[in-house]
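For reference, the structure discussed in these notes is given below.
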Amino acid sequence: MKLYSLSVLYKGESKTVLLKAAYDVSSFSFFQRSSVQEFMTFTSQLIVERSAKGSRASVKEQEYLCHVYVRNDSLAGVVIADSEYPSRVAFTLLEKVLDEFSKQVDRIDWPTGSPVTIQYTGLDSQLSRYQNPREADPMTKVQAELDETKIILARKQNSCCAIM
């Protein structure tokens, strides 16, 4: 499971503006990294442009899943992850990031902002923290622990039956 990109965008009337983004392209070769990052930026903007305000969606693009959340106030977030990453955790991350962003960045700056002018530093740490959904999301952690308990109980039951 891997997160590659976390972006905050503004869905304007005529165009979508990238406000801030964080990328983890370390799994790609050095020479591919800039083009992969451009692809992720372009895809994020395109998906937000094609999404309605107040909507959430997951879009498959090649071997990636792009999770988009466009709020009614035109603030949008996109997570690009591999297809194994849990959708619920991705949307939890988007909701959290957009809430933090809207509290720290004045709404007046959204339509004209850019990654250079927007002063928000939370994306890199969130992208890093959510790389392991089991650690970042309490429900995923509990579900994983339940799955492990079921496996242990099944093994014990099988070993007890084998003895009899």
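Please go through segment 13-80 and write out the GluC sites (Glu not before Pro) that DSSP classes as loop and that have at most 10 other C-beta atoms within 10 Å.
Those that pass, being in a loop and sparsely packed, are Glu13, Glu63.
How many angstrom lie between the C-alpha centres of segment 83-138 and segment 1-71?
12 Å
Report ³J(HN,Hα) in whole Hz for each residue of segment 121-135, in order, from the Karplus equation J = 6.51 cos²θ - 1.76 cosθ + 1.60 where θ = phi - 60°; Gly and Pro get x.
10, x, 5, 4, 5, 5, 4, 5, 5, 8, 4, 9, x, 5, 7
Step through the residues of segment 69-74 one at a time and calculate ³J(HN,Hα) from phi using the Karplus curve (6.51 cos²θ - 1.76 cosθ + 1.60, θ = phi - 60°), rounding each to whole Hz and writing x for Gly and Pro.
9, 10, 7, 5, 8, 6
Skip the ligands, DNA and RNA, and give the accessible area per residue of segment 1-144 with a 1.4 Å probe, whole Å².
Here the residues of segment 1-144 average 52 Å² of exposed surface.
Less than 12 Å Cβ to Cβ from Val25, Lys/Arg counted +1 and Asp/Glu -1: what total charge do the surrounding residues give?
Net charge in that neighbourhood comes out at 0.
The values are calculated or read from the model by the stated rules, or taken from the named source; none is laboratory data. Since we're looking at a predicted model, the values are computed, not measured. Don't worry about glycine lacking a Cβ; one is built from the backbone with ideal geometry, like all the others, and counts go over all protein chains shown. When the accessible area is computed, the model is the full protein with side chains, heavy atoms only, and any ligands, DNA or RNA have been set aside. Shrake-Rupley method; radii C 1.70, N 1.55, O 1.52, S 1.80 Å.
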